[in-house]
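Okay, structure first, notes after.
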2 protein chains.
Amino acid sequence: MMENEVDGLDKRKAYILATVVYEYIATGEPVGSQALTQKYNLGVSSATVRNEMADLEAGGYLEQPHTSAGRVPSDAGYRTYVDALMSPEELGADERRRIRDEMRDARAQLDEIVEQSSRLLGRLAGNLAFVTKPQSDTQSFRYVQLIWIAERSGIAIIVTSLGVASQSLFELRNDLSPDDLTRLSNALNATFAGRLLRDCDDRSLTALTKSCGFGDDMAAAVRAAFIGARTQEQPGISASGAQHLLDQPEFRDVRKLRSILRILEEQRTLYDLVADAFDSPTASVKIGHELGSEELADLSLVTVPYRFGERAVGMLSILGPRRMPYARLLALASGTAETLSERLHDVEVK
Amino acid sequence: MMENEVDGLDKRKAYILATVVYEYIATGEPVGSQALTQKYNLGVSSATVRNEMADLEAGGYLEQPHTSAGRVPSDAGYRTYVDALMSPEELGADERRRIRDEMRDARAQLDEIVEQSSRLLGRLAGNLAFVTKPQSDTQSFRYVQLIWIAERSGIAIIVTSLGVASQSLFELRNDLSPDDLTRLSNALNATFAGRLLRDCDDRSLTALTKSCGFGDDMAAAVRAAFIGARTQEQPGISASGAQHLLDQPEFRDVRKLRSILRILEEQRTLYDLVADAFDSPTASVKIGHELGSEELADLSLVTVPYRFGERAVGMLSILGPRRMPYARLLALASGTAETLSERLHDVEVK
DNA sequence: TTTAGCACTCCGAGCAAGCGAGTGCGAAGC
DNA sequence: GCTTCGCACTCGCTTGCTCGGAGTGCTAAA
């Protein structure tokens, strides 16, 4: 848990910082030097701890709510703790099994599986959890079926690797037969099946449609269908566990709660929070002001990607008070992500 | 606003009750006899009002939080107010227009329209609003397309009148050709198109499939596809506006809030709240204990159906403190329901 | 450099007093 | 006979106060 020098802190300072953060996470009370020496065997007296704490405060790792109160970690303090001081946690075998069992309850439908994982994670983590649905443009195209409704109208149905059927109605200028549509469907399937949805670009779609002898209107309909499948520009988000936030003493203040509820409903904002974590292949933690909003300044966010095959397609996140058990939540999120990734194969259209 | 006798109350008692409820809804403070006579021109003195209030309390219409506090309406008081005393409200032309305009922002996709209407209603009503998605079994069946994937597997896609495509994968015991599937699709469409989904019963589906020369496995796949479309046994619910509840003084107490957030996440409970309103063709109001749960005892629920064609297919609801402006919220819910009903035609598969 | 001792600060719980709003009731008034 | 006035009483809420506890920082000694 400790090297000789961490982030410019000597061994003892680092240990004291770790202990303060640990204790504060556990109790939620500002931690004072005496309490610390009594509860943990630090090998030095409270006066020494006091001096060290004063240094840590000067270095920006700790803060004092007011004179004559104990110390509380600052963003930087948490950051150092998360990056260098805490001991990572692993889930036990029985916990893994429990997660797997509960995930099995969901039917093999994409939405249900995602929702189930957000519910599960929210409950296990005792915090607000949310899960982005798989990004549609990272999915691959499986089938399109153009269905004849009337001489000049039809429905296009697109099936992707995760079975998400998107549908769009279209109207044409010229009469067509059901056979025409079948022919075009087959041609599209032959050419594009297996490609990533984002690689089914407008130009190739148009070219293929025309080469089958259809006009601009049909080409536009085909493009629209693919755009509809691809352009759910920001994936849906399933959130769960907001009620747990009420248990946290930091939410006595109702205004904070309101910010959170508002954000929950604006999926846009919620999505922005995790959006940049998309680029990182591993877990990421954002602490306090790192979330980029004063409203969220005393919250932290743990984000873990889940995969479909090799590709990261979505994110599981936990939003909670800065004072959250980071190691534990990272373990829970990773465990859930893993199980979610596995279950995605149950809905895969092969 | 007033007959001579209302619910066993003489004219003056009824008027005083109405005024108390009105004032309490406006201020949230227990209302006393003096305050009432000062603010409203009752034509009698506070002492008389006091006597009347004592009677109303004895009759169960009012309650006293404690001696030396003003009166507060009881469930029965609100009930009488809603049923007989309040003057119904209508939306102004400009408000209607605003609602219509905002609903236009949503794309012509069922889910988006429903979500938009819950967002809109939540914002306008300043309370938690939720909207059930159209019950699938009241929708009519439009098209089924069985898509060939491999010799022994395929996808069945069902399109209903509101365009909700449900899809299900199937596996068969015997090889089939794409043409076989098209033939069966056409047969199913010819027979069932236009029927209510709930009238596409297992027996007729099986019979038709077999009469086309397919085996038990194919019949089972067809049944499963229709069941999947029909059996979303409890429709999804889109909720919005929880943060407004925080503005209400009655939610200072955090426990109440927790109950609500919990209920919000358990769609089951939320659905149960409006389920019996489904039978009523008009607006319904549930007050306090009428919601059937101690947790919700100081809330009220306004529910209004929306239609697709002639048929009521879903509900818009507003959940808020018992102390809610009933007439206004009923008007808002009705107005939104109307606009939602109109917009449903934009997604209709004709 | 660490520790012991000490004066000082500040928060928050607990208590008492005073205020204000409201009630109920008996007696007087229309 | 209903309505009103006057009055004593109740009760919760706010304000101000005290006091204890926890914690700090500083100084001097080990």
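Restricted to helices (runs of 4 or more DSSP H) entirely inside segment B:193-297, those with at least 2 residues that are open to solvent by 30 Å² or more (accessible area, probe 1.4 Å) and facing chain A (nearest Cβ under 10 Å) are B:254-265.
Test A:ARG142 against the stated conditions and say whether it is open to solvent by 20 Å² or more (accessible area, probe 1.4 Å), within 10 Å of another protein chain (Cβ to nearest Cβ), of a type outside the set (S, T, N, Q) and over 23 Å from B:VAL349 (Cβ atoms). I'd like the intermediate steps shown before the answer.
Numbers: open to solvent by 20 Å² or more (accessible area, probe 1.4 Å): yes; within 10 Å of another protein chain (Cβ to nearest Cβ): yes; of a type outside the set (S, T, N, Q): yes; over 23 Å from B:VAL349 (Cβ atoms): no.
Considered against the rule, which asks whether it is open to solvent by 20 Å² or more (accessible area, probe 1.4 Å), within 10 Å of another protein chain (Cβ to nearest Cβ), of a type outside the set (S, T, N, Q) and over 23 Å from B:VAL349 (Cβ atoms), A:ARG142 comes out as no.
Just to verify a result, which residue in segment B:6-31, among those that are β-branched (Val, Ile, Thr), more than 16 Å from DNA strand D (Cβ to nearest atom) and closer than 12 Å to B:LEU62 by Cα, is nearest to the other protein chains (Cβ to nearest Cβ)? By that ranking, first place goes to B:VAL21. Any residue that is within 11 Å of the chain's Cα centre (by Cα) and open to solvent by less than 20 Å² (accessible area, probe 1.4 Å) - is there at least one of those in segment B:322-331? No, segment B:322-331 has no match at all. Of the residues making up segment B:150-170, those that are open to solvent by 10 Å² or more (accessible area, probe 1.4 Å), in contact (Cβ under 8 Å) with a residue 12 or more places away in the chain, assigned to a strand (DSSP E or B) and within 11 Å of chain A (Cβ to nearest Cβ) are B:SER153, B:SER166, B:GLN167, B:SER168, B:LEU169.
When you scan segment A:66-74, do you find a residue that is open to solvent by less than 40 Å² (accessible area, probe 1.4 Å) and either assigned by TED's automatic domain parsing to the domain that holds A:GLU290 or hydrophobic (A, V, I, L, M, F, W, C) (or both), even just one?
So in segment A:66-74, the residues open to solvent by less than 40 Å² (accessible area, probe 1.4 Å) come out as A:69-74.
Applying the additional criterion that residues be either assigned by TED's automatic domain parsing to the domain that holds A:GLU290 or hydrophobic (A, V, I, L, M, F, W, C) (or both) yields A:69, A:72.
There is at least one residue in segment A:66-74 that is open to solvent by less than 40 Å² (accessible area, probe 1.4 Å) and either assigned by TED's automatic domain parsing to the domain that holds A:GLU290 or hydrophobic (A, V, I, L, M, F, W, C) (or both).
Here A:MET315 meets each of (1) within 30 Å of B:ARG252 (Cα to Cα); (2) surrounded by 20 or more Cβ atoms within 10 Å (Cβ to Cβ) with one exception, condition (1).
Scanning segment B:171-182 for residues that are away from every other protein chain (no Cβ under 11 Å) and buried (at least 16 other Cβ atoms within 10 Å of the Cβ) turns up B:LEU172, B:LEU176, B:ASP180. Exactly one residue among B:LEU121, B:LEU162 is within 22 Å of the chain's Cα centre (by Cα) and in the same structural domain as B:TYR326 (by TED's automatic domain parsing), and that residue is B:LEU121. Only residues that are more than 15 Å from DNA strand D (Cβ to nearest atom) and either open to solvent by 40 Å² or more (accessible area, probe 1.4 Å) or of a type outside the set (Gly, Ala, Ser) (or both): list them for segment B:32-65, please. Once the filter is applied, which keeps residues that are more than 15 Å from DNA strand D (Cβ to nearest atom) and either open to solvent by 40 Å² or more (accessible area, probe 1.4 Å) or of a type outside the set (Gly, Ala, Ser) (or both), segment B:32-65 yields B:LYS39, B:GLU57, B:ALA58, B:GLY59, B:TYR61, B:LEU62. The single condition among (1) within 14 Å of chain B (Cβ to nearest Cβ); (2) open to solvent by less than 50 Å² (accessible area, probe 1.4 Å) that A:GLU115 does not satisfy is (2).
Condition first: surrounded by fewer than 19 Cβ atoms within 10 Å (Cβ to Cβ) and in contact (Cβ under 8 Å) with a residue 12 or more places away in the chain. Now tell me which residues in segment A:9-18 satisfy that. Hit for segment A:9-18 is A:ARG12, nothing else. Among the residues making up segment A:210-242, those that are of a type in the set (S, T, N, Q) and either farther than 30 Å from A:LEU316 by Cα or at pLDDT below 90 (or both) are A:SER211, A:THR231, A:GLN232, A:GLN234.
Take A:ARG123 and decide whether it is more than 25 Å from B:PRO178 (Cβ to Cβ) and in contact with an Asp or Glu (Cβ under 8 Å, 6 or more places away or on another chain).
Values: more than 25 Å from B:PRO178 (Cβ to Cβ): yes; in contact with an Asp or Glu (Cβ under 8 Å, 6 or more places away or on another chain): no.
Against the criterion (more than 25 Å from B:PRO178 (Cβ to Cβ) and in contact with an Asp or Glu (Cβ under 8 Å, 6 or more places away or on another chain)), A:ARG123 does not qualify.
Taking the criterion of being near DNA strand C (Cβ under 10 Å from one of its atoms) and either touching a residue at least 60 places away in the same chain (Cβ under 8 Å) or open to solvent by less than 60 Å² (accessible area, probe 1.4 Å) (or both), the residues of segment B:19-31 that qualify are B:VAL20, B:GLU23, B:THR27, B:PRO30, B:VAL31.
The values are calculated or read from the model by the stated rules, or taken from the named source; none is laboratory data. Since this is a predicted model, take the numbers as computed values, not measurements. Methodologically, a virtual Cβ is constructed for each residue, glycine included, from the backbone with ideal geometry; neighbour enumeration extends over all protein chains shown. Ligands, DNA and RNA are excluded from the accessible area calculation, which covers all protein heavy atoms including side chains. Shrake-Rupley method; radii C 1.70, N 1.55, O 1.52, S 1.80 Å.
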